[in-house]
Each structure stands twice: as C-alpha cells, then as structure tokens.
Amino acid sequence: MGYVAIADRDHDIEHHDPDTFITKYIWSQDHKVIAIQYGITAIFVGVIALILSAMMRLQLGFPDTFSFITPENYYQFVTMHGMIMVIYLLTALFLGGFGNYLIPLMCGSRDMVFPYMNMLSFWVYLLSVIILLASFFVPGGSTGAGWTLYPPQAIMQGTPGTDWGIILMLASLGVFIIAFTMGGLNYVTTVLQARCRGMTLMRMPLSVWGIFIATVLGLLAFPALLVSAIMMLLDKTLMTSFFMPAISSFGQDPGYTGGSPILFQHLFWFFGHPEVYIVALPAFGIVSDLLSTHARKNIFGYRMMVWAIIAIGGLSFIVWAHHMYVSGMNPYFGFFFATTTLIIAVPTALKVYNWVLTLWEGNIHLRVPMLFAIGFIFTFIHGGLTGLFLGNVTIDLPLSDTYFVVAHFHMVMGVSPVLVVFGAIYHWWPKITGKMYNETLGKWHFWMTFLGTYAIYLPMHYLGFQGVPRRYFAMGNTDFMPASAQDLNAWITLSALFVAFTQILFFINVFWSLKSGKKADPNPWDATTLEWQTPDTPPKHGNWGHDLPECHRWAYDYSVPGYPDDFIPQNVPPEDAPAGRQHGVPEH
Amino acid sequence: MEIGLIVLAIMLATLLGWLLKQSFNTTPWVADAVDESAYQAPFNARPKLVALATFLAVATSFFALILSAYALRMELGDWIPMTEPQLLWANTAVLVFASVAFQWTRNHAVGGNAARIRPGLVLAGVLTTAFLVGQYIAWLQLYAAGQTLTANPSNAFFYLLTAVHGLHILGGMYVWVRATVRAYGGRDPDTVKQSIELCTIYWHFLLFVWLILFGFMLST
C-alpha cells in the first residue's frame, strides 16, 4: 500500500498565529473559525427561509385569511425559500461549514492549504447573502420567478421582482459561485495534498469522502449555473436574446428575437441535478460516520461505500433532463434519462443497505446524533422511493406539477439533509465548543422534528395523487379536488408551524450549552477519527500542538476483539493494538 | 449540451478513474506501521499546482458549457453567422507569442538563469496587454460596423466569449503583476519561479481555450 501523505511538510502551508481579537474571530484564517462563520451565516439565512415557508403554509392552509400575503408575496416567498434552502443554507453549510471544519481535522492537517483564500471564500459568501437579502428591500421586491428562475417569465413584466429582484438574485448567485470556487479549490487541494502520514485515501472517514466528491461535483456543476446567470443577466439588462424568445408582453414587443427558454432549462438542470448530490453526498458521508460511531461497529462495506459515492457523483451528471420531462422531449431522450435516473438507485440503495447492515447487531447507543442519523435513513428511503416513481416519464408527467413532487424533493433533499445537519451539529458540538448540550432537550428536538415532518409530508403525497397542483397561490374553482383536500392542507400547515417552532428547542439548547453546559470530554463518543484525538478541546490554532498525528488504521476500528476498549483511534500504532479485522473476514 | 457533457465526462472519468485505481486492491481494515520509505506524495506535493489544475477543470467546464449553449442556440431560426474581424488573427498571433514568452521565461527561471527572468516577464506582460487591447479594438470595429451586442445572437455569443476569456486573462495578469513586482523587488527566486511556472501553464491553457473558441466561431 503506497502512502500518500505530506502534511508534515510544514513549510508548504503558511501559518500565522492570530493575536488580536479581530484576526482571531473576524478576519480569521483558521479553518475552524471560518467553518463556524459559515455555519452561523447559513443557519441565519436558513431561519429566514423557514419563516418564509411558514408564511407560504399560512396562505395554503387558510386562504383568504391573511391580508398581508398577496399573490406577489407568495411567489416571492416560494422563490426565496427554495433558493436559500438549497444553495445558501445546505450547500454552504455542508461544504463551507462541515467541509471546513472536518477536512483538516479528519485528515490530520493543520489547516486548509490556502488559509487566506479560505477566509476570502467566507467573506465573499457573506457578500452574496447580503446581496440576496437586499433584494427584499429594492423596488418591486425580490424575484418571484420560482427557485428555478425559468425564463421568459423570470424577467417579463407580470412576475414579481422583475425590476431589481431578479438582477440581485442573479448577481448574488454569481458571487456565491465565486465564493464556492475559492472554498472548493481549498477542499480538493487539502484532501489531495495535506493528509497526515499514513492517511491513505482509503483510510479517510466517509465524511471526508462525501464532502470531497461533493466539492468536485460543485466545482464542475456550478459553472453551468454561472453561465445561465450571466446570460440571463445580459438578457435582462442589455436585451440580448440568449433565452428570451420573440414574445409580446402586455401588447408590446420588448425587442427580443428567437431565444430558447429550453436552453436555460438545460443549463440550469445541468447544474441543478448535481446540486442535489452536492447536498446529499456530504450527508451520506456524515451519516455513515455517525452510525458507525454510535453503533460501535465498523461501517459495513467501506470500499463499496466509497465506490458508491464515486458512482453517484459520476451518474449525477447524466440525469439532468429528468427535471424537464414536462418541457417536452424526444421519447428516446426521455427513455435515456429515465434509465440513467433509475440506475442511480443502485449505488444509492447499496448505501442504504450498508447503513442498515451497520446497525445490524450493533451496540446501538440512541444518543441524539444517532437518533438523527437513523431518522435520516427513514426519510431518505421514503424520498428515494418516490424518486423511483418520478424518474419514469409516464408517471412523472401527471405528477410533475402536483404536491407529490413537493413531498418527494422535500423528503429527499430537504428533510433528510437537514436531519443530518442536526445530527452532525449534535455529534461534533462537544468538539467545536468544548461543551456538552442537554441530551433530553436534544431528544425532544429530534422526535418533534422527525414526527412533525412526517405529519407534513406524508399527507402531501396524497394531495399529489389527488392532483392538487403545486405553485398555486389559491386553488380557485377546482371541482376535481375533494373538499377534504383543504382540510388536509390546514393540517399540513399546522404541522409545519409546529415543526418550525420546535426548532426553537435547538437554539435554546445551543445557548444553554454555551452558557452553562457541562465541560465536554475530548472524546465523548469514544470515536476513532482523528478530530477527537486533538490535544485541546476545542482544538487550538494549528490543531495538533507540536507534532502532527500519524494515521495507522482506518476510521472504523470499533469493537475489535482482543482489545480492551471498544474503539481504536486512527493514530494508535499497530504494535499497541490489534491490526483490526484481518482480510475482510467479519468477526461474527 | 453534448459538448459540455463530453468535456465533463472526460474530466470526471480522469479523476474518478484515478480515485478508483487508488482504492482497488486496498485493505483499509488492516492496520499498518507507517513506513518512512513508503511515502510518496501525489503530484510531487505541490498544492498550488494541484489548485491550479483544479481551477483549470472549473474553467474548462465553464467554457465548454458556453460552447454547448452556443451550439444549441445556433440551431434556432434567427441565427445569422457573424463575420469575425480580421484583427482577431493578429490578436491570436500576439497571444501565441505571449505564451511563448512565458515558456521562454519559465525555462530560464527553471534553468537558474535569473538575468532573463525580468525581461521575459515584461515581454510576456506587454504581449498579453497587447492582446487585450487588440480584442477591445476588435469590439470597437464591430460596433462601428453596426454589429452590436443585440444585433444577432451570434454577436451576443461573440461578445460574451471574448469578454469571459479576457476576464480570465485579467485574472492571470494579477498573478503576473505580483510575480513581476517580486522579480524586481529582489524576492526569493524560488517564489518567483513558482509564480512563473503557474502563469506559464495558465497562459498555455488560455491560449488553447482561445484557439478552440476562435476556431469554433470561425467555423460557424
């Protein structure tokens, strides 16, 4: 086995010990501080998006009740909710937040390879968030084009926010992509170049694998969004006709010639589908580590898990048109994309089986992170199964514009990654802050969130089968819908409000823990990965004190027979502990 | 979208193939002593080179996707092929010389011939600036001829492609300025050498991109 590790070459990585408050916490180049900055910003906008979704639900559950929700507002809420959740919360939190925190610590390096660029990445991200939020306050308000921003309606009169909202949205996306690229170059280079001695690629924890491949996807897919944003910006401001067809608006000719809205859809989804996996792969990786740690068992099929991540990453680039079945396409294309879409189910199902098999006969500790990880398996299977329905052209066509789709993508890329986010925060909280949180409060938070999301999304599937259309501000005269659909909508709204308020428990826990939480043990979960073996908790600048760790084993030496502890950290040399499982033979 | 797909497929296949190769025939569950002699750093352990290579992959994806859009948009009815200004041939030659100048500077920097570094850097910078000015003049000529941005989608793509290509060169010029200031400020030759090496790769890449873009626009 060839070792690939060079982080001990300290001169390759610049380090400046921060001395003032400003360089330590504000203009910080320390990956841990940047991770926290990313995390706080992302959660902040995420809360805004959560409030927006509550407003949408109020309108849907109790139409004609709230005079402050106009149709224009409603579409603005829908748009901003979707865009914030997908990009500014989940992408930023998984890669900017967890990527930043975990990659150097799990790989045994002192910091990201380019700390200055890492700092810049956060500040540019913050700028993109500010531009985005500014669009609420410009004349005409934020854009209401839907999170997919389809032209021509995204920039035509009649859609809310076509004056400034759409311009700020596109500009904000462009700025975000610059920020992501700076961060992404760092994550990729750090994983490839700064791992500690002995940390071969195939000894990396799956969290790092997930984040790494997701970053690669992001680096290659975000340019598609950038291209479409630039072109749409030109269409809007300089009247080019990349996407805008010859069209008349309110009886007038705005001057566009024969552009192609379908071209935008291709570019958008060429980014948009890999984006699903940019969010999902880090969640897959993190959940694998949570399950293994709290079940005290090695992850089942480590190599398969790695290859599945790689395969999903590759496949995610050739399925994008399954978002466009309703736009109309050559049936052979439809067949092709349906096939590739369903093939993705193979590596994904493999991962699910392996998670379940990891739990099998494990010594399961139902601590808060574990609850969230197991909850994720449930919601992800549900979301994944409905994906099998929608991947087929003939089933997608009637369902595409109904609440079935809303339920599907919220289960698979809304609820599931968010459960992992919470699980991961609870899991690494003792390391990040050095404090323990309140276990009981955490468990309440889990159960209310988990059951609450089912109360929201299970009925939504049924609404979809009833044909209740999504995106509508009000249902109007729709005889095909039974009156009970409205009751169900009211129920969903109440559940959604319940879940939204439940999140307050999380924030109470955070503040309680910071203020009066018990001091955390350096390794409270008896975990094997390197971030739990740091000399200080929370780790100081440079992470490892004087000497970098050496990695001697994979991250999953749990319950190894013949060793007194039920875990062997990755930096324990083989002469001090048995050599793990030999030649792939399970011990049972 | 075929162009973008093919280019991305090649890049992804390269990386994923490399990863798979790394991961086959491994036994991750076996613990191991760290053997001093067994260290081998990937890509000769040069983070900046890896970061540049990664960025080139991002830029490749970016340009390939614009070309995909170009190819798709071209098939629609209102497309009138644009006649590219003859000046672009001269600009192309200038950019080739800029690339050659960087290569020449790099060879001297690697060979330890410090005296050639400064004039080489200046020459490369002047040629690159000349290219950018030339591109701008080409824009002015087109505008004077009524070939404005909105006159036809093919024009819009021409302006877009030249603009984003020029912006990438401007980004490279930032590194060039830093390297030149360092070279004249008498900074440690190794740092300057590394900047020059990275610039040379980047310039070759942008020349290659320009040749593809120019060829694509000429042939359509």
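The values are calculated or read from the model by the stated rules, or taken from the named source; none is laboratory data. A quick note: this is a predicted structure, and the numbers were derived from the prediction, not measured. Using ideal geometry, Cβ is built from the backbone for each residue, glycine included, and neighbour counts are taken over all protein chains shown. The accessibility values were calculated without ligands, DNA or RNA, using every heavy atom of the protein model including side chains. Shrake-Rupley method; radii C 1.70, N 1.55, O 1.52, S 1.80 Å.
Condition check for B:Asp190 on (1) more than 14 Å from every other protein chain (Cβ to nearest Cβ); (2) free of Cβ contacts under 8 Å to residues at least 12 places away in the same chain; (3) of a type outside the set (Gly, Ala, Ser): one failure, at (1).
Among the residues of the range A:238-255, write down those that are among the aromatic types (Phe, Trp, Tyr) and without any contact (Cβ under 8 Å) to a residue 60 or more places away in the chain. Across the range A:238-255, the qualifying residue is only A:Phe242.
Residue-wise test of (1) open to solvent by less than 60 Å² (accessible area, probe 1.4 Å); (2) at positive phi; (3) without any contact (Cβ under 8 Å) to a residue 60 or more places away in the chain.
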| site | (1), (2), (3) |
| --- | --- |
| A:Gly452 | yes, no, yes |
| A:Pro459 | yes, no, yes |
| A:Tyr472 | no, no, yes |
| A:Asn477 | no, no, yes |
| A:Gln503 | yes, no, no |
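Within the range B:12-26, the only residue that satisfies the criterion of being more than 7 Å from chain A (Cβ to nearest Cβ) and either surrounded by 18 or more Cβ atoms within 10 Å (Cβ to Cβ) or among the hydroxyl-bearing types (Ser, Thr, Tyr) (or both) is B:Thr14.
If the requirement is being farther than 30 Å from A:Val406 by Cα and either of a type outside the set (Lys, Arg) or at pLDDT 95 or above (or both), which of these qualifies: A:Ser484, A:Ser495, A:Ser559?
Numbers: A:Ser484 fails: farther than 30 Å from A:Val406 by Cα; A:Ser495 fails: farther than 30 Å from A:Val406 by Cα.
Exactly one residue qualifies, and that residue is A:Ser559.
Can you list residue pairs whose Cβ atoms sit under 7 Å apart, with the first residue in the range A:183-194 being at the interface with chain B (Cβ under 8 Å from one of its Cβ atoms) and the second being surrounded by fewer than 24 Cβ atoms within 10 Å (Cβ to Cβ) and acidic (Asp, Glu)? Count only pairs 6 or more apart in sequence or on different chains. Short answer, once both residue conditions are applied: none.
Checking A:Phe300, A:Phe337, A:Phe378, A:Phe333 one by one, the residue that is open to solvent by 10 Å² or more (accessible area, probe 1.4 Å), within 11 Å of chain B (Cβ to nearest Cβ) and among the aromatic types (Phe, Trp, Tyr) is A:Phe333 and no other. Quick check on the range A:189-198. Is at least one of its residues touching a helix residue (DSSP H, G or I) at 6+ places or on another chain (Cβ under 8 Å) and open to solvent by 10 Å² or more (accessible area, probe 1.4 Å)? Yes; the residues of the range A:189-198 include at least one that is touching a helix residue (DSSP H, G or I) at 6+ places or on another chain (Cβ under 8 Å) and open to solvent by 10 Å² or more (accessible area, probe 1.4 Å).
When you scan the range B:55-74, do you find a residue that is more than 21 Å from the chain's Cα centre (by Cα) and at the interface with chain A (Cβ under 7 Å from one of its Cβ atoms), even just one? If you could, list the steps in order and put the result at the bottom.
So in the range B:55-74, the residues more than 21 Å from the chain's Cα centre (by Cα) come out as B:71-74.
Cutting the leftovers down to at the interface with chain A (Cβ under 7 Å from one of its Cβ atoms) gives us B:72-73.
Checked against the condition, which is being more than 21 Å from the chain's Cα centre (by Cα) and at the interface with chain A (Cβ under 7 Å from one of its Cβ atoms), the range B:55-74 yields at least one hit.
To keep it simple, each residue is scored yes or no on (1) free of Cβ contacts under 8 Å to residues at least 60 places away in the same chain; (2) within 25 Å of the chain's Cα centre (by Cα).
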{"residue": "B:Thr128", "(1), (2)": "no, yes"}
{"residue": "B:Leu132", "(1), (2)": "yes, yes"}
{"residue": "B:Tyr136", "(1), (2)": "yes, yes"}
{"residue": "B:Thr150", "(1), (2)": "yes, no"}
{"residue": "B:Leu161", "(1), (2)": "no, yes"}
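Can we say A:Thr537 is touching a helix residue (DSSP H, G or I) at 6+ places or on another chain (Cβ under 7 Å) and either crowded, with 19+ Cβ neighbours inside 10 Å or modelled with pLDDT under 95 (or both)? Against the criterion (touching a helix residue (DSSP H, G or I) at 6+ places or on another chain (Cβ under 7 Å) and either crowded, with 19+ Cβ neighbours inside 10 Å or modelled with pLDDT under 95 (or both)), A:Thr537 qualifies. The single condition from (1) in a helix (DSSP H, G or I); (2) open to solvent by 50 Å² or more (accessible area, probe 1.4 Å); (3) without any contact (Cβ under 8 Å) to a residue 24 or more places away in the chain that A:Phe498 fails is (3). Being at pLDDT 95 or above, within 14 Å of another protein chain (Cβ to nearest Cβ) and surrounded by 15 or more Cβ atoms within 10 Å (Cβ to Cβ) is a property that A:Thr529 has.
For the range A:228-260, the set of residues classified as open to solvent by 10 Å² or more (accessible area, probe 1.4 Å), at the interface with chain B (Cβ under 9 Å from one of its Cβ atoms) and within 16 Å of A:Gly174 (Cβ to Cβ) consists of A:Ile230, A:Leu234, A:Leu238, listed by residue number. Counting only residues that are facing chain A (nearest Cβ under 7 Å) and closer than 25 Å to B:Phe63 by Cβ, which one in the range B:27-50 is modelled with the lowest pLDDT? The residue in question is B:Pro47. Scanning the range B:130-156 for residues that are in contact with a helix residue (DSSP H, G or I) (Cβ under 6 Å, 6 or more places away or on another chain), open to solvent by less than 40 Å² (accessible area, probe 1.4 Å) and within 21 Å of A:Leu234 (Cα to Cα) gives B:Gln135, B:Ala138, B:Leu149, B:Pro153.
Hey, can you tell me all the residues within the range A:430-450 that are assigned to a helix (DSSP H, G or I) and open to solvent by 30 Å² or more (accessible area, probe 1.4 Å)?
Initial filter on the range A:430-450 (assigned to a helix (DSSP H, G or I)): A:430-433, A:439-450.
Result: A:Ile432, A:Thr433, A:Glu439, A:Thr440, A:Leu441, A:Lys443, A:Trp444, A:Trp447, A:Met448.
Select from the range A:313-330 the residues that are part of a helix (DSSP H, G or I) and more than 11 Å from chain B (Cβ to nearest Cβ) and write down the one among them that is most open to solvent (accessible area, probe 1.4 Å). Ranking the candidates gives A:Val326 first. The selection criterion, being in contact (Cβ under 8 Å) with a residue 12 or more places away in the chain, in contact with a Gly (Cβ under 8 Å, 6 or more places away or on another chain) and β-branched (Val, Ile, Thr), does not hold for A:Thr529.
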